[in-house]
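Q: Dropping the structure in here first, questions after.
The values are calculated or read from the model by the stated rules, or taken from the named source; none is laboratory data. Values in this document were obtained by computation on a predicted structure and should not be read as measured data. Because the Cβ atoms are built from the backbone with ideal geometry, glycine has one as well, and the counts that use them run over all protein chains shown.
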Amino acid sequence: MIIASKKDIAGMNIAEILEAKGVKVHYIEESQILAENLPKSEYYVFASRHKSESGETCLTVHTTGNFSDEASHGGNPKELAYCNPFMMRSALKILKEKNITNVPVVMEATHHGPTNLKSPVIFIEVGSKEKDWENKEYCGFVAETIVELINSKITENESYIYFGGSHYNEEATRLMVKNYAIGHICPKYACDFADEEIIKQMIEKTKNSSCAIIDWKLKSEEKNRIVGILDKLNFPWIKKQSIKD
């Protein structure tokens, strides 16, 4: 299911292009981050705007969830959505191919709602200010990505969860372009909230997750605690710095 909010300029622009290409779009009245009651679907692809304080123009891909008790941007506290890392990898790679500008294409860390849907959630976004949301070229890149994504045969093998890095996770982006399928990303600023419950959700709600990637630049107490939980759960992990180019 492809979803667009009537309150979202970019989402509506993307939806217009999608419908012109014969793609059915499910419209909602509320903001996407509050869309907790949707018809059953194999997956949920949200065509969306992205907003940031910096206002930097970018195109982003991510799944959803709240690592902490704070849930002011939709979803439930300490709840992660289901995600399909193979769809996200494909979306990121397709979006990079479609983007013929110098605008960055990047994986974002897991954030905001919705969180309670029972199928994988993926946001594909145009950011980060009104001028960008109204840009038909940028919205076209996202629309073309969605069309190719939903018509592609996506290869599924092993996948990863990720700890560390910034919200705009350049290292995870680089790894996904190299063909690593990464699902939930817990950025450095949220690692304090990565307790056993959250890590279990990261594993269980990332399709085919088989290993964790840990950025060894994390503080010693953070990475030691995360490693301890992963070892307790008998879940393999590797250092990001050990991955060879």
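Listed here are the residues, each with its yes/no results for (1) surrounded by fewer than 19 Cβ atoms within 10 Å (Cβ to Cβ); (2) under 18 Å from E134 (Cα atoms); (3) modelled with pLDDT under 95.
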position	(1), (2), (3)
S5	no, yes, no
L18	no, yes, no
N37	yes, no, yes
S48	no, yes, no
G75	no, no, no
T115	no, no, no
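Q: Restricting attention to the stretch 100-113, which residues are crowded, with 20+ Cβ neighbours inside 10 Å, more than 17 Å from Y189 (Cα to Cα) and not aliphatic (A, V, I, L, M)?
A: G113
Q: What helices (runs of 4 or more DSSP H) completely inside the stretch 123-238 contain at least 3 residues that are closer than 20 Å to V61 by Cβ?
A: Ranges flagged: 136-151, 170-177.
Q: With respect to L218, is the statement that it is surrounded by 14 or more Cβ atoms within 10 Å (Cβ to Cβ), farther than 19 Å from A172 by Cα, aliphatic (A, V, I, L, M) and free of Cβ contacts under 8 Å to residues at least 60 places away in the same chain true?
A: In short, no.
Q: Tell me which residues, restricted to the stretch 151-206, are more than 20 Å from E221 (Cβ to Cβ) and among the charged types (D, E, K, R).
A: Across the stretch 151-206, the qualifying residues are K153, E156, E158, E170, E171, R174, K178, K200, E204, K205.
Each row is one residue, and each column tells you yes or no for (1) within 16 Å of the chain's Cα centre (by Cα); (2) of a type in the set (S, T, Y); (3) under 19 Å from Y82 (Cα atoms).
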site	(1), (2), (3)
G183	yes, no, yes
A190	yes, no, yes
A194	no, no, yes
I226	no, no, no
W237	no, no, no
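Q: Between a first residue in the stretch 170-194 that is at pLDDT below 95 and a second residue that is hydrophobic (A, V, I, L, M, F, W, C) and assigned to a strand (DSSP E or B), which pairs have beta carbons less than 9 Å apart while being 6 or more apart in sequence or on different chains?
A: Every condition considered, no pair remains.
Q: Something else now. Looking at the stretch 81-101, I want the residues that are assigned by TED's automatic domain parsing to the domain that holds M202 and have a partner that is at pLDDT below 95 with Cβ atoms under 9 Å, at least 6 apart or on another chain. Which pairs are those?
A: As it stands, the answer is none, since no pair meets every condition given.
Q: Turning to a different aspect of this structure: Which residue pairs have Cβ atoms under 6 Å apart, sit 6 or more places apart or on different chains, and have a first residue in the stretch 135-160 that is in the same structural domain as A181 (by TED's automatic domain parsing) and closer than 13 Å to A47 by Cβ and a second that is polar (S, T, N, Q) and loosely packed, with under 12 Cβ neighbours inside 10 Å?
A: Note: no pairs meet the criteria.
Q: Kindly evaluate K6 against the criterion of being among the basic types (K, R) and in contact (Cβ under 8 Å) with a residue 24 or more places away in the chain.
A: no
Q: Something else about it: For a quick check of your reading of the model, give me the residue pairs whose first member lies in the stretch 63-79 and is in the same structural domain as D192 (by TED's automatic domain parsing) and under 15 Å from S31 (Cβ atoms), whose second is of a type in the set (F, W, Y) and not in a loop (DSSP other than H, G, I, E, B), with beta-carbon atoms closer than 9 Å and at least 6 apart or on different chains.
A: Filtered contacts from the stretch 63-79: no entries.
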